[in-house]
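The block underneath contains the structure these notes are about, expressed in structure tokens.
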Amino acid sequence: MFLALKEFAHSKMRFFMITIIFVLTAWLVFILSGLGNGLSTLAASTFQNMDADYVIFEQGSQSSMSKSLLSNQLAVKAEQLPNVTATSPMGISMTTARKGESNRNEDKVDIAIIGINPGSFLEPRFVAGHGLSPDKPDGVIVNETLQDKGFQLGDTFQLDGSMESLTIVGFVENQTYNHVASVFTSLSEWRKIAFAAPGSDKGIPDPVNAIMLQGKDIRPSDIDANLPGTDTVTRGAATQGLPGYKEENGSIIMMLAFLLTISAFVLGVFFYVITMQKTHQFGIMKAIGATNGFLGRVILSQVFVLSLSSIVVGILLTYGTAAVMPKEMPFKLSVDLVIVYSVILLVIALLSSLISVRRITKIDPLQALGRVE
Amino acid sequence: MSKGLQIQNVTKYYGEGMNRLTALDRVSIEVEPGEFAAVVGPSGSGKSTFLSIAGALLQASEGEVRVNGKSISKLSARELSAVRLRDIGFIMQSSNLIPYLNVMDQLIVVKKMGGKVSAADKTHAHRLLDDLGLGSKLKSFPEKLSGGEKQRVAIARALIHNPSVILADEPTASLDTQRAYEVVNLIAQEVKTRRKAAIMVTHDERMLEHCDKVYHLEDGKLSLVR
Ligand SMILES: Nc1ncnc2c1ncn2[C@@H]1O[C@H](COP(=O)(O)OP(=O)(O)OP(=O)(O)O)[C@@H](O)[C@H]1O
Ligand SMILES: [Mg+2]
């Protein structure tokens, strides 16, 4: 550490440049991961925060709510099956909420209507107002982001292309589906909206899109065997089945992977060039009696200090950026994510400096005496 | 077992087979504590090879080298590093200081190689530099020092671990006559007062007056001149 710090102090400019490169890389990594996290939250937070373990879909629906249609009568049967502790049906429709009678652009908001049984384990906890109640079938609890769009507690709104009107009785948080705010209502109300067109329920009694199951030890194959025409998957798999979710996440992860790989190379080359320039010095120190271990530690501690400070600056910049980002930007940085990517960056930097360390072990101390050319 | 440096029948070959070159041919020399020996010889005669072997930087092909009573012929690379650090002070042709360390830190870093640095080590380094007339330059970086000052720092660096053997490979090559005298004089003084065994390789006949013995190396063969 002694040598590492002394050298920083003496060649400020050189290390400053590398720090800048590293800071920019870290910044980009954090921003990208925050955006990825934000997007996937926006796409699936209702699913991610749901207190269910498994999901029963219609067979052949590719774990997608929009492709699946089942009868709720299956829920009763499912409840009898081994390891199933509770079941609850669910239906989802994408639609547009219209405030009042106006036709202005800003008064139309895309929403996801989610039909559930009031009081079931699928109903999220409200943060304002109160929860769903069977006495008020047109009452809805909605994601609090709708407040920013001008929706207040007690407001009534129309749905585009539907005669139904809904009244906001409560707000919930972190509930979005398919990038829009989730609006929870009773199943009966949802059916009126989803199957407004005659025959769109294909004649299925008590239609729902899926049945959510609780029970840690459920074996999906058991369920499928007992309920013909169904397909049971974990909640995680159901999340993957959300429209566009896999593709969206895949591209972000691809970008991050490329970014990290490229930065590993760039940093590795930088460290290597710096080490090469110091071959002579390292030779002298070896001639005086420094071991490979001593010199290796010099390099690693240098890279460690440099990486750590760059990552810290990168994190500060990222939070700074997040603070000035427009609110609609789907940016969500969790502490976990920041820690994970910090550690990844640190490990990458240390690994990429290992070639330099290897280089040191090969230096011949005789070089310092001007013998070997 | 006697201290100092003993080299017995050391032979060094470079290359293999047809290209084999005998750089040192059964060289023997013994330097006792407090003795300052000089090795002179034409270019290519094997002087640097000889000094590298004495300094645990290069292994001999045959023969034995004893530093401070301990044979180093069969040591691992790691153990050789330790011998170089503790028992040998090497003064190189050009001072070869580390550019980003000030005079004081040049010595401290050598201490660091051996482990923790205590306050006593610091006072020791300070006193050593004072003795060598560098008391006012403790915070200077090598780029701000004259050639003679740099070489004196290199001498201090070679002495900081209180080694039993001092080896100097043409320490005066980059200095003018005046400075060269000063530097050799300093080494001679250290050898006498601190009882070191020292060998200096040199081209410069004028530097020999400080030395107790003078050896001549030619075609890998060492002979006593004086
Ligand atoms: N690494 C090596 N591989 C092969 N031959 C070498 C090597 N190092 C030195 N030699 C040869 O060994 C002989 C002795 O070299 P050495 O460097 O010891 O001479 P020197 O007396 O120090 O010369 P100078 O006064 O020019 O420094 C020379 O003929 C040289 O070419
Ligand atoms: Mg030489």
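The values are calculated or read from the model by the stated rules, or taken from the named source; none is laboratory data. Just so it is clear, the structure is predicted and the values come from calculations on it, not from any experiment. Here the Cβ is made from the backbone with ideal geometry for all residues, glycine too, and neighbour counts use every protein chain on show.
Overview of results
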quantity	calculated
Test result for B:F50, closer than 30 Å to B:K111 by Cα, buried (at least 21 other Cβ atoms within 10 Å of the Cβ) and within 15 Å of ligand 1 (Cβ to nearest atom)	yes
Residue list for the range B:1-25, restricted to those being over 19 Å from B:L224 (Cβ atoms) and either away from ligand 1 (no atom under 13 Å from the Cβ) or part of a strand (DSSP E or B) (or both)	B:M1, B:K3, B:K12, B:Y13, B:Y14, B:G17, B:M18, B:L21, B:T22, B:A23
Unique residue being more than 18 Å from the chain's Cα centre (by Cα) and either at pLDDT 90 or above or not small (G, A, S) (or both) when the list is B:L134, B:L107	B:L134
Within the range B:65-76, considering residues that are surrounded by fewer than 16 Cβ atoms within 10 Å (Cβ to Cβ) and under 19 Å from the mean Cα position of the chain (by Cα), the one farthest from A:I363 (Cα to Cα)	B:G69
Breaking point among (1) more than 14 Å from every other protein chain (Cβ to nearest Cβ); (2) part of a helix (DSSP H, G or I), for A:M13	(1)
Condition broken by B:D25, with the remaining ones in (1) acidic (D, E); (2) surrounded by 19 or more Cβ atoms within 10 Å (Cβ to Cβ); (3) farther than 22 Å from B:A158 by Cα satisfied	(2)
Any chance A:F184 is crowded, with 16+ Cβ neighbours inside 10 Å, free of Cβ contacts under 8 Å to residues at least 60 places away in the same chain and not assigned by TED's automatic domain parsing to the domain that holds A:K332	no
Residue in the range B:88-96 that is in contact with a Ser or Thr (Cβ under 7 Å, 6 or more places away or on another chain), more than 13 Å from ligand 2 (Cβ to nearest atom), over 20 Å from B:L217 (Cβ atoms) and at pLDDT 90 or above present	no
Within the range A:274-373, helices (runs of 4 or more DSSP H) holding 1 or more residues that are within 16 Å of ligand 2 (Cβ to nearest atom), touching a residue at least 60 places away in the same chain (Cβ under 8 Å) and away from chain B (no Cβ under 14 Å)	none
Evaluation of A:I193 against (1) in contact (Cβ under 8 Å) with a residue 60 or more places away in the chain; (2) in a strand (DSSP E or B) (one fails), failing number	(2)
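Okay, residues lined up against (1) within 19 Å of A:M285 (Cα to Cα); (2) surrounded by fewer than 24 Cβ atoms within 10 Å (Cβ to Cβ); (3) without any contact (Cβ under 8 Å) to a residue 12 or more places away in the chain; (4) away from ligand 2 (no atom under 16 Å from the Cβ):
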residue	(1), (2), (3), (4)
B:N162	yes, yes, no, yes
B:L167	yes, no, no, no
B:P171	yes, no, no, no
B:Y181	no, yes, no, yes
B:N185	no, yes, no, yes
B:Q189	no, yes, yes, yes
B:T202	no, yes, no, no
B:E205	no, yes, no, yes
B:E209	no, yes, yes, yes
